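Okay, so here's the structure we're looking at.
The values are calculated or read from the model by the stated rules, or taken from the named source; none is laboratory data. Keep in mind the model is a prediction, meaning the values are calculated, not measured. Backbone-built Cβ (ideal geometry, glycine too); neighbour counts: all protein chains shown. For the accessible areas, the whole protein counts, side chains as well, though only heavy atoms, and no ligand, DNA or RNA atoms are used. Shrake-Rupley method; radii C 1.70, N 1.55, O 1.52, S 1.80 Å.
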Amino acid sequence: MRILTTFVRSCCMVLGVTAADDAFGRESVDGRFDVGGRAVRLQCRGTGTPVVVIDAGMGTAPVEDAGWGTIADQVAQVTRVCLHDRAGLGTSDPAPPGTRSSADAASDLHAALSAARVSGPFLLVGHSVGGLHAQVFAARYPADTAGLVLVSTTHPDQFTTWLGILPRPAPGEDKVVSDARAFIVTMQNDPTKNEERLDMRESALQAHQLNSLGAKPLIVLTHSPRFRMVPGLAEPMAARLENATQSMQRGYLKLSTNSRQLVAERAGHGLPHEAPSFVVDGILRGVTAVRKQRRR
């Protein structure tokens, strides 16, 4: 913790960010807020703008998650930051029966922030599938979006691209190839097989509605090219999958004329837990970019 705190203080000096910049906010928020007959847990700390809003990966409740809590503590030294647990996670109420989509997650988040009287526009930070939700939030609530920080984010074309790279089923193929294909097909086609009942196909279509952020800041935090999605997969095929993933991550830069990508040297997909200082740095760069834009 001491090392990370020192890192943040030095990072803030380099980036020209101080907690006094655009001082904003009120008492900390920690509670369950109505989103239409259900309650979603929201926790905010710190003061300042833009307000950073964190959307975590599949099955993760960031309010209770130690890794995201540590990151939020560091960001709160600079600006206001909010963690929220999606429906059915942490102490948030379960979602209604049936499948869910990124639009549902974005709608819940927007309603919870409104009920808690937390004002935007927000710098949305999304990890993995949380980044897919963040893209949909930005598409549907542009006036409430100051910018995006995408953390090893699920790309809307990800599963289709991966399936196109894997060979077609063949007798006697390596089991690891069969298992990888089955996993991707299941994730893409069967929402009942993931813990949040998320319809990935529908969510991907919704994310594609984000055509441009204009000049709003976009920070793309990408895991290391050394990461391998499928352990045990033969290296030529594993490298092709990762090269395609890296290309999709770079493709996000086209969403904004004010974009920047940072690539982790060694950390894999679990960036918030494997490289928290890398994530804090990316978030603070996003905060700085939003503030600079407002001063123009």
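Data overview
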| quantity | calculated |
| --- | --- |
| Meets criteria (crowded, with 20+ Cβ neighbours inside 10 Å, within 29 Å of ARG295 (Cα to Cα) and in contact with a Gly (Cβ under 9 Å, 6 or more places away or on another chain)) for HIS127 | yes |
| Checking GLY172 against (1) surrounded by 15 or more Cβ atoms within 10 Å (Cβ to Cβ); (2) at pLDDT below 95, the condition it does not meet | (1) |
| Test: residue in region 88-108 that is part of a loop (DSSP other than H, G, I, E, B), crowded, with 19+ Cβ neighbours inside 10 Å and in contact with a Cys (Cβ under 9 Å, 6 or more places away or on another chain) | no |
| Pairs, first of a type outside the set (A, V, I, L, M) in region 59-88, second open to solvent by 30 Å² or more (accessible area, probe 1.4 Å) and assigned to a strand (DSSP E or B), C-beta under 6 Å, six or more apart | ASP85/ARG41 |
| Search result, residues across region 45-81 that are farther than 17 Å from VAL29 by Cβ and not in a helix (DSSP H, G or I) | ALA56, GLY57, MET58, GLY59, THR60, ASP65, GLN77, VAL78 |
| Top-ranked residue in region 269-296 [being in contact (Cβ under 8 Å) with a residue 24 or more places away in the chain, open to solvent by 50 Å² or more (accessible area, probe 1.4 Å) and over 22 Å from ALA215 (Cα atoms); ranked as farthest from the chain's Cα centre (by Cα)] | HIS273 |
| Region 159-179 residues that are in contact (Cβ under 8 Å) with a residue 60 or more places away in the chain and within 26 Å of LEU132 (Cα to Cα), paired with ones that are hydroxyl-bearing (Ser, Thr, Tyr) and open to solvent by 50 Å² or more (accessible area, probe 1.4 Å) (beta carbon under 9 Å, 6 or more apart) | THR161/SER247 |
| Within region 130-145, tally of residues that are open to solvent by less than 10 Å² (accessible area, probe 1.4 Å) and over 24 Å from GLU195 (Cβ atoms) | 2 |
| Cβ pairs under 7 Å, 6+ apart, first in region 119-140 and over 20 Å from GLY69 (Cβ atoms) and in contact (Cβ under 8 Å) with a residue 60 or more places away in the chain, second of a type in the set (D, E, K, R) and surrounded by fewer than 24 Cβ atoms within 10 Å (Cβ to Cβ) | GLY120/ASP144; PRO121/ASP144 |
| From the options LEU218, LEU253, residue that is open to solvent by less than 20 Å² (accessible area, probe 1.4 Å) and either under 22 Å from ASP144 (Cβ atoms) or at pLDDT 95 or above (or both) | LEU218 |
| Test: residue in region 227-241 that is aromatic (Phe, Trp, Tyr), within 14 Å of VAL151 (Cβ to Cβ) and part of a loop (DSSP other than H, G, I, E, B) | yes |
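Yes/no matrix, rows are residues, columns are (1) of a type outside the set (Phe, Trp, Tyr); (2) surrounded by 18 or more Cβ atoms within 10 Å (Cβ to Cβ); (3) at pLDDT 95 or above:
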position	(1), (2), (3)
MET13	yes, no, no
THR18	yes, no, no
PHE24	no, no, no
ASP30	yes, no, yes
PHE33	no, yes, yes
VAL40	yes, yes, yes
ARG45	yes, yes, yes
VAL51	yes, yes, yes
